[in-house]
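Written below as structure tokens is the structure these notes are about.
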Amino acid sequence: EDGSDFITADLLPLHLILGTAIKMFVHILIIVIIHLCSITSSRAFLPPTSKPPASSKIFSSASKVMASNVQTLVDQAKSLFDESFGADGDNNLPNYCVSAPGRVNLIGEHTDYTGGYVLPLAIGYNTIGYGRGAIVKKDGSESTQCRIVSTNNPVVEFQVSSSLEASTGSNKWVNYVQGVVLQYLPDLKDDETFTFDLAVVGDVPLGSGLSSSASLEVATAVFLERILDAQGVAYSSVKDASAPLTEEQRKMERAVRCKLAENVFCGVPCGIMDQFVSSAGCEGKLLLLDCRSLDYREVSMGGENTSSLDTPVLVITNSNVKHDLGDGEYPIRVRQCKEATDILTKMNPSIQSLRDATMKDVEAAAQSAGLDGVILQRARHVVSENERTVKTADALEKGDWETVGKLMNASHTSMRDDYEVSCEEIDVLVDLAQTFGDGVYGSRLTGGGFGGCTVTLVKKDAAPELIEYLKKQYEVKTGTKCVCFET
């Protein structure tokens with residue numbers, strides 16, 4: 001009556017009503033089917049006609065910890081990938097670029113594998129991975145080949161299975177990748193496996209004590225996580241699919257898996273420090289990490305009250321003496337710590353690791369429980385190093401640089417004399433830094449030892465002069481060139 005164009009149902013013929021209803025039902029059904037197909041395809045390859053462009057995003061393990069030349073590294077990784085595997089490759093798979101940093105440990109050395117405290121810092125030297133991959137069936141319908149290449153090594157091919165054996169000789173570096181892949185294999189169904197092509201480049205100096213191996217492990221883990229996420233796969237450790245891991249939990253899970261990869265597949269009895277800081281490090285922050293509980297707190301140099309002009313810097317000096325933690329002395333130190341723990345436990349059952357002991361416990365065991373010789377030395381280092389590490393974190397936040405320096409110097413003395421992991425070249429660098437004069441607070445060996453790097457706490461305005469001094473005098477005394485950088 002009001003002249004509107006509304007048409008009510010009771011004015012329409014019945015066949016028109018039924019026809020309209022059927023069309024609406026068919027339309028809704030098509031939408032539902034399309035939606036279900038999109039969900040199902042989350043575990044399948046993307047259609048060949050819709051290949052995603054190469055992602056410009058870098059998926060980094062650590063928060064904002066990037067090399068200043070990160071784009072150069074990314075370009076190198078992409079070029080290596082294109083040269084090794086072809087620019088087009090499998091039209092079904094997206095490309096991922098991942099990054100993980102190396103680290104320097106300010107203090108807390110050889111304490112992580114006894115559940116102690118460490119104080120590392122992620123640095124702007126990274127491992128970059130560029131590649132593509134997917135989860136595929138083992139039924140032979142698709143390739144299950146994995147291929148990896150690095151700047152200094154040719155392409156290595158392997159297939160992932162629980163029976164995969166460690167590589168030897170020139171391909172030994174691949175074990176750090178393969179070990180990580182095996183840690184993520186349980187996330188898949190029994191009839192599934194990984195296939196991928198991955199190119200790896202980086203600027204973390206090899207064998208320098210700055211954790212190039214952990215950086216490679218963590219970069220590999222981040223790459224695999226992109227594959228899992230893209231195909232809708234949850235971690236096997238997640239019991240409730242509706243409550244996935246938080247980003248914080250994922251970082252811890254990643255670090256634990258990478259540590260196990262190095263322990264089990266690579267045969268290195270390391271602790272979790274390197275993998276943890278590479279996975280959870282934050283730009284400009286040190287991490288005081290409890291290696292037993294994995295609780296940690298971020299530690300700022302000088303806390304929030306110190307001007308950046310007053311805050312010292314760290315100078316890292318690479319002695320260019322290389323080491324391999326999987327061979328020789330490192331595993332011996334682990335066994336010696338276990339022997340010391342056994343002696344202390346018999347004296348005091350509450351001591352389950354050297355982390356639980358105090359210096360009074362060590363002295364008591366030396367007097368009455370047969371803790372002596374080399375085993376006494378190892379226990380004395382680890383127990384005193386834990387105490388120094390906690391004190392250093394507190395002093396850093398207060399801006400008490402003098403105390404930090406004294407603790408660093410004491411740490412090096414302990415590592416040299418009690419733990420015996422230093423060497424002539426490292427001692428030369430530490431002595432040069434400690435006797436440099438005004439501006440240097442402290443210096444010590446950093447990393448596993450038997451070569452590698454030193455870390456020196458120095459006033460910012462004195463750092464350039466110190467670096468030139470170390471370079472010149474180290475070459476004079478050893479005949480070897482060292483490399484320094486400031487962080």
What are the extents of the Cα atoms of the stretch 116-156 along their three principal axes, listed from largest to smallest and rounded to whole Å?
49, 29, 16
Coordinate range along principal axes, alpha carbons of the stretch 189-237, Å, largest first:
40, 24, 17
How many nm separate the modelled label positions at Ala243 and Asp229, each set 7 Å beyond the Cα in the direction of the Cβ?
2.2
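Using the C-alpha atoms of the stretch 289-415, what convex hull volume per residue, in cubic angstrom, is computed?
Numbers: hull volume 17.8 nm³, N = 127.
Dividing the Cα hull volume of the stretch 289-415 by its residue count gives 140 Å³.
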Please report the carbon-and-sulfur percent of the accessible area for the stretch 335-395; probe 1.4 Å, protein heavy atoms only, DNA, RNA and ligands left out.
50
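How big is the convex hull of the Cα atoms of the stretch 120-209, per residue, in Å³? Can you show the working numbers first?
Numbers: hull volume 11.0 nm³, N = 90.
Measuring per residue, one finds 123 Å³ for the Cα hull of the stretch 120-209.
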Diffusion coefficient in µm²/s returned for the stretch 422-463 by Stokes-Einstein, Kirkwood Rh over C-alpha pairs, 4 °C and 1.567 mPa s, is 124
Please give, to one decimal in nm, the separation of the simple spin-label points placed at Glu468 and Asp191, each 7 Å out from Cα toward the Cβ.
7.0
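Based on the mean of other Cβ atoms within 10 Å per residue, sort peptides 467-475, 286-294 so the most packed one is first. Could the numbers behind the result be given before it?
On the way: 467-475: 16.3, 286-294: 19.9.
So the order, starting with the most tightly packed, is 286-294, 467-475.
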At a Förster distance of 41 Å, what's the computed FRET efficiency of Lys137 paired with Ser293, Cβ-Cβ distance as r, to 0.05?
0.55
What's the carbon and sulfur percent of the stretch 195-310's accessible surface, probe 1.4 angstrom, rounded to a whole number?
51
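Where does the charge balance sit around Asp461 when Lys and Arg score +1, Asp and Glu -1, over other residues with C-beta under 11 Å from its C-beta? Spell out each step's value before the answer.
Numbers: positive: Lys459, Lys460; negative: Asp310, Asp438, Glu465.
Local charge sum for Asp461: -1.
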What would the Debye equation give as log₁₀ I(q)/I(0) for the stretch 380-454 at q = 0.14, 0.18, 0.24, 0.27 Å⁻¹, counting only Cα atoms as equal point scatterers?
-0.42, -0.69, -1.12, -1.26
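What do you get for trypsin sites (Lys or Arg not before Pro) in the stretch 338-441 restricted to DSSP loop and a cutoff of at most 14 other Cβ within 10 Å of the site's Cβ? Display every interim value, and only then the final one.
Numbers: sites: Lys338, Lys346, Arg355, Lys360, Arg378, Arg380, Arg388, Lys391, Lys398, Lys406, Arg416; in loops: none.
Sparse-neighbourhood loop trypsin sites (Lys or Arg not before Pro): none present.
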Suppose each label sits 7 Å from its Cα in the direction of the beta carbon; what would the Val155-Asn69 distance come out to in nanometres?
2.7
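The values are calculated or read from the model by the stated rules, or taken from the named source; none is laboratory data. Given the structure is predicted, the values throughout are model-derived calculations rather than measurements. Neighbour counts are summed over all protein chains in view; Cβ atoms, including those assigned to glycine, are modelled from backbone coordinates with ideal geometry. These area figures cover heavy atoms from the full protein model, side chains too; ligands, DNA and RNA do not enter into them. Shrake-Rupley method; radii C 1.70, N 1.55, O 1.52, S 1.80 Å.
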